[in-house]
1. Quick one: in region 89-118, which of the residues that are in a loop (DSSP other than H, G, I, E, B) and of a type in the set (Val, Ile, Thr) is nearest to the chain's Cα centre (by Cα)?
2. Identify the residue in region 124-161 that is over 16 Å from the mean Cα position of the chain (by Cα) and aliphatic (A, V, I, L, M) and, among all such residues, is surrounded by the most Cβ atoms within 10 Å (Cβ to Cβ).
3. Take Ala73 and tell me if it is surrounded by 21 or more Cβ atoms within 10 Å (Cβ to Cβ) and assigned to a loop (DSSP other than H, G, I, E, B).
4. For residues that are at pLDDT 95 or above and surrounded by fewer than 17 Cβ atoms within 10 Å (Cβ to Cβ), tally how many sit in region 84-99.
5. Looking only at region 56-65, decide whether some residue is assigned to a loop (DSSP other than H, G, I, E, B), farther than 20 Å from Leu100 by Cα, free of Cβ contacts under 8 Å to residues at least 12 places away in the same chain and among the β-branched types (Val, Ile, Thr).
6. How many residues are farther than 18 Å from Met118 by Cα and exposed (fewer than 15 other Cβ atoms within 10 Å of the Cβ) when one looks only at region 16-38?
7. Output the residues belonging to region 123-173 that are among the β-branched types (Val, Ile, Thr) and in the same structural domain as Ala28 (by TED's automatic domain parsing).
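The values are calculated or read from the model by the stated rules, or taken from the named source; none is laboratory data. Only a predicted model underlies this, so the values are computations on that prediction, with no experimental measurement involved. Here Cβ is always computed from backbone atoms with ideal geometry, including for glycine, and neighbour counts include all displayed protein chains.
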Amino acid sequence: MSEKNVPLVGIVMGSDSDWPKIQGVAKALEEFGVPMEIRVMSAHRTPEIVHQFATTAAARGMKVIIAAAGGAAHLAGVVASHTTLPVIGIPVVTDLAGGLDSLLSTVQMPGDVPVACMAAGSGGPRNAGLLAVQILALSDAELQQKLTSFRHELADKVNRKNEALQKRLTESK
C-alpha cells in the first residue's frame, strides 16, 4: 500500500446495521480525498479486537478514529482508553430513545479520557467526518486549502439562496 493510500482515519461501528445511519462520515472524508479504514467491532462482544485496533492504529498511520455505536454506545470510550489519537464519537439513533441513549453514553466520558461527541441524527456523521478533516488539516496545507474552499462554497451557497429569497419576496409584493 502506498503512503498516499494509508488510512488516516479509522471508522469503527458496533454493528453493520449502523452503517446506513452513519455513511455520511465516509462521504465527507471522500469529498476531501482522505483515505479511511472502515470496520465493525464491538466494545462488549469483541473487546480484544477493539483493543488491538486502537493500540495499533497510530503505528499503522492513522491520525483520527471515529467510533459509532448505539444504545450503551461504549465503543468510542473504549477505543479512547487504548489510544492517544483523537477519538470522535457518533451516537447512533436507536428505536428505544431516538438516539438520546447513545448520545448520553457517548458524551458522559470520565475526566482524562476525552471523546469528541457529535450530534445524534443525520448531521452527526457528516460533522464527524468534517471534524476529522479539520484535525488533519492542522498539519496538511493542501487539506487546509480544500477546507477553506469548502467553507467559501458554503457561504456562497447561502448567499445565493438569500438572493433568490429576496427576489421572490420582492416579486410577491
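1. The residue in question is Val115.
2. Leu143
3. Considered against the rule, which asks whether it is surrounded by 21 or more Cβ atoms within 10 Å (Cβ to Cβ) and assigned to a loop (DSSP other than H, G, I, E, B), Ala73 comes out as yes.
4. Result for region 84-99: 1.
5. Within region 56-65, none of the residues are assigned to a loop (DSSP other than H, G, I, E, B), farther than 20 Å from Leu100 by Cα, free of Cβ contacts under 8 Å to residues at least 12 places away in the same chain and among the β-branched types (Val, Ile, Thr).
6. 5
7. Within region 123-173, Val133, Ile135 meet the criteria.
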